[in-house]
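Visitor: Just dropping this structure here.
The values are calculated or read from the model by the stated rules, or taken from the named source; none is laboratory data. Computed from a predicted structure; not experimentally measured. Methodologically, a virtual Cβ is constructed for each residue, glycine included, from the backbone with ideal geometry; neighbour enumeration extends over all protein chains shown. For the accessible areas, the whole protein counts, side chains as well, though only heavy atoms, and no ligand, DNA or RNA atoms are used. Shrake-Rupley method; radii C 1.70, N 1.55, O 1.52, S 1.80 Å.
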Amino acid sequence: MAVNLDWEKLTFSSVPTHEMFRATSPVYGEWSAGEFVPYGPISLSPAAGVINYGQGIFEGLKAHRTKQGDVVLFRPEDNAKRFASGAERLCMPPFPEDQFVAMVEELVRRNLDFIPPYGLGSLYIRPIMFGSGPVLGLAPAPENTLLIYCSPVGAYFKKKGQQPIRLIVSTDYHRSAAKGMGSTKYIGNYAGEMYHSQKAKADGFNGCIYLDARNEHFIEEVGAANFFCVKGQDLLTPSLGSVLPGITRDSIMALAETMGMKVRARGVSIDEMLEADECFCTGTAAVIAPIGEVSYLGKQYHFNKGKVGEVTQSLYEKLTAIQLCEAEDPFNWVHSVSL
Ligand SMILES: *Cc1c(COP(=O)(O)O)cnc(C)c1O
């Protein structure tokens, strides 16, 4: 079945594909072997745990087509690991990590003709796990469902190149509590953040930078992306804790080390950020988004004159070259899908 899509017009939105993977488990029990089913609506009890009490997590990773026509994933084992620890945090049995990777590969094979051609985007893979059984009293659902579906998405930065984004430091809201759910890809974190980011967008920003809930002094992250700043030879990023442990974050830290930078994961204060040479944020969707301007307490601060910084650009090129098999892969991050 050949697909008829205008690849050039793809954005980051959901496009139906051929098949998705589905498995179920009883509460704290074993996952079923699972099966591939046509992509489409699912039926759910009105009393399902996820729609009543928010018992759910997600993941996000991409399959790329390389110039040679191969299909590759980036560090899917790390998504598997993070998904397993998220499951435990939400009182659901972890899905076996090797099976996660195998099912992601099989999903890619079954939706092969939805992978955009080289350079025009990627197949975004979205695993979700949620309490699907009925509950009324507050408790883990008696049954859980795992779905892995996918959607073709456009190249985040088209051919225009990277446009630096404008962010506002939120002084009215926190993204996550000090001992809360911030380090889990827990669905409630994202619903909770929409109100602030919609407000920021209405005011002409691309999103919010959140401060730590305990001191309101240190940078946490940017909605759904990790934060970095460059000062001289130092690359700084907030230490983990209530921050999501991004796979792109980890990769950027490792790459910067190889470039001779001094990489530090520690508290990064708001004042330190405002004096940085370059700022950017990282995540699977955009890889790296340069930050050109930050608004804080009504004042505007510009980084690298609002242009993409040299270090930001170089890290972006190095990482995407590895992801597309156009550079050596010293860390063994790329995972080929056998077709
Ligand atoms: C997913 C996510 C990130 C980025 O993680 P990657 O593994 O790099 O995609 C950063 N922050 C939040 C809050 C996220 O949900």
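Visitor: If you take every residue apart from residue 18 with its C-beta less than 10 Å away from the C-beta of residue 18, what net charge results, scoring Lys and Arg +1 and Asp and Glu -1?
Guide: Values: positive: 110; negative: 19, 113.
Net charge in that neighbourhood comes out at -1.
Visitor: I've got another one for you. Relative to 2.2 N^0.38 Å, what does the C-alpha radius of gyration of region 182-259 come to as a ratio? Two decimals please. Before the final figure, lay out the partial values.
Guide: Details: Rg = 13.7 Å, N = 78, 2.2 N^0.38 = 11.5 Å.
Compared with the compact-globule rule of thumb, region 182-259 sits at 1.19.
Visitor: A 24 angstrom limit on the alpha carbon distance is what I want to check against. Which of 81/179; 67/262; 62/201; 62/262 exceed it? Mind showing how you got there, number by number?
Guide: Values: 81/179 21 Å; 67/262 33 Å; 62/201 26 Å; 62/262 29 Å.
Listed pairs above 24 Å: 67/262; 62/201; 62/262.
Visitor: Give the Cα extents of the chain along the principal axes, in whole Å, largest first.
Guide: So the extents along the principal axes, rounded to whole Å, are 52, 52, 36.
Visitor: Out of region 1-97, which GluC sites (Glu not before Pro) are coil in DSSP terms and have no more than 11 other C-beta atoms within 10 Å? Write out the running numbers ahead of the final one.
Guide: Working: sites: 8, 19, 30, 35, 59, 77, 88, 97; in loops: 30, 59.
Here the GluC sites (Glu not before Pro) that fit, given the DSSP loop and packing criteria, are 30.
Visitor: Among the trypsin sites (Lys or Arg not before Pro) in region 40-72, which ones are in a DSSP loop with at most 14 other Cβ atoms within 10 Å of the Cβ? Mind listing them? List each step's numbers first, then the result.
Guide: Values: sites: 62, 65, 67; in loops: 67.
Passing both the DSSP loop test and the Cβ count: 67.
Visitor: If you place +1 on the Cβ of every Lys and Arg and -1 on the Cβ of every Asp and Glu, how big does the dipole about the Cα centre of region 50-135 come out, in debye to the nearest 20? Intermediate results must be reported in sequence, preceding the final value.
Guide: Details: 10 positive and 10 negative charges, 55 e Å.
Charge dipole of region 50-135: 260 debye, to the nearest 20.
Visitor: How much solvent-accessible surface does residue 326 expose, in Å² to the nearest 10, with a 1.4 Å probe and all protein chains in place?
Guide: About 90 Å², rounded to the nearest 10.
Visitor: Quote the charge dipole size of the chain about the Cα centre in Debye, to the nearest 20; the model charges only the Cβ of Lys and Arg (+1) and of Asp and Glu (-1). Please list the in-between numbers first.
Guide: On the way: 31 positive and 37 negative charges, 128 e Å.
That gives a dipole near 620 debye.
Visitor: How large is the accessible surface of residue 172 in square angstrom, using a 1.4 angstrom probe and rounding to the nearest 10?
Guide: Here the accessible area works out near 120 Å².
Visitor: For 334, 104, write out the residues from largest to smallest accessible area, computed with a 1.4 angstrom probe and no ligands counted. Provide the component values of the computation, followed by the final result.
Guide: Working: 334 30, 104 0 Å².
In descending accessible area the options line up as 334, 104.
Visitor: Counting other Cβ atoms within 10 Å of each Cβ, which chymotrypsin sites (Phe, Trp or Tyr not before Pro) in region 125-210 have at most 14 and sit in a DSSP loop?
Guide: When the chymotrypsin sites (Phe, Trp or Tyr not before Pro) of region 125-210 are filtered for loop state and at most 14 Cβ neighbours within 10 Å, nothing remains.
Visitor: Based on DSSP, what percent of beta bridges with both residues in the chain are antiparallel, to the nearest 5?
Guide: Working: 56 of 67 bridges.
Roughly 85 percent of the beta bridges in the chain run antiparallel, per DSSP.
Visitor: Another one. Tell me, what are the semi-axes, in whole angstrom and largest first, of the equivalent ellipsoid of region 183-339 as set by the roots of 5 times the Cα gyration tensor eigenvalues?
Guide: 26, 19, 15
Visitor: Out of 289, 300, 94, whose Cα points farthest toward the positive end of the dipole of the chain (charges: +1 Lys, Arg; -1 Asp, Glu; placed on Cβ)?
Guide: 300
Visitor: Follow-up question, since we're still on this one. Calculate how large, on average over all directions, the projected area of the Cα convex hull of region 141-224 is; give the answer in nm² to one decimal. Could the numbers behind the result be given before it?
Guide: Numbers: hull surface 32.5 nm².
Its average projected convex-hull area is 8.1 nm².
Visitor: Which of the listed residues, 208, 136, 164, is farthest toward the dipole's positive end in region 136-215, when Lys, Arg count +1 and Asp, Glu count -1 at the beta-carbon?
Guide: 164
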